[in-house]
Amino acid sequence: MGGAMGLGNWTPSVEFNIFVDPEAAKIVLNSGIPLTMAPLNVTHKAQILKSEITKIDDIQNPVAHAFYGLLEFFKRYHEAPKWGFKGAPLHDPCTIAWLINPSMFESKVMNVDVENQGDLTDGETVCDYYELIDKPKNTEVLLDIDREKFIQLIMDSLK
């Protein structure tokens, strides 16, 4: 999980994971190895709702109880009106879900690079969705998720 297409969660245009080391992200994106990116645009669609968090608390095992505690914290953080969320976005679990069942995602292969010169955009992932530049398509970018299948995968995994 990392990056975003036009929005940020650490600065107005930069996602946290890329923000902490944009130079490393740029090296990886330009390395030539096959890559898949789960940007904020898709992880924000992977919200677990308050009612679903409550159901996790009903699962009787230590992992589910620990996950419930983390989700309660994450939910409280994302209740701030600025986020506009109805629950908590599950960023990193999207990566695992894609590894388990990539068919629950829609994606597009495109050129992705990291801006590391801008005063306001250092660490911004630049995704060439419309193929406007003549650079190799180096990254499969996840664009959408079947949220219901995603939540069901989480619930089944915790039982």
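The values are calculated or read from the model by the stated rules, or taken from the named source; none is laboratory data. From a predicted model like this one, the values you see are computed outputs, not experimental measurements. Using ideal geometry, Cβ is built from the backbone for each residue, glycine included, and neighbour counts are taken over all protein chains shown.
Summary table below
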read-out: Flag for Phe74 being in a helix (DSSP H, G or I), under 19 Å from Leu40 (Cβ atoms) and either of a type in the set (A, V, I, L, M, F, W, C) or at pLDDT 95 or above (or both); value: yes
read-out: From Ala24, Ala4, residue being free of Cβ contacts under 8 Å to residues at least 24 places away in the same chain and farther than 24 Å from Met155 by Cβ; value: Ala24
read-out: Unique residue being surrounded by fewer than 16 Cβ atoms within 10 Å (Cβ to Cβ), over 24 Å from Phe19 (Cα atoms) and in contact (Cβ under 8 Å) with a residue 12 or more places away in the chain when the list is Lys86, Lys135; value: Lys86
read-out: Search result, residues across the range 138-159 that are of a type outside the set (A, V, I, L, M) and touching a residue at least 24 places away in the same chain (Cβ under 8 Å); value: Asn138, Thr139, Glu140, Asp144, Asp146, Arg147, Lys149, Phe150, Lys159
read-out: Residue within the range 108-116 that is surrounded by 12 or more Cβ atoms within 10 Å (Cβ to Cβ), within 20 Å of Pro12 (Cα to Cα) and under 16 Å from the mean Cα position of the chain (by Cα) present; value: yes
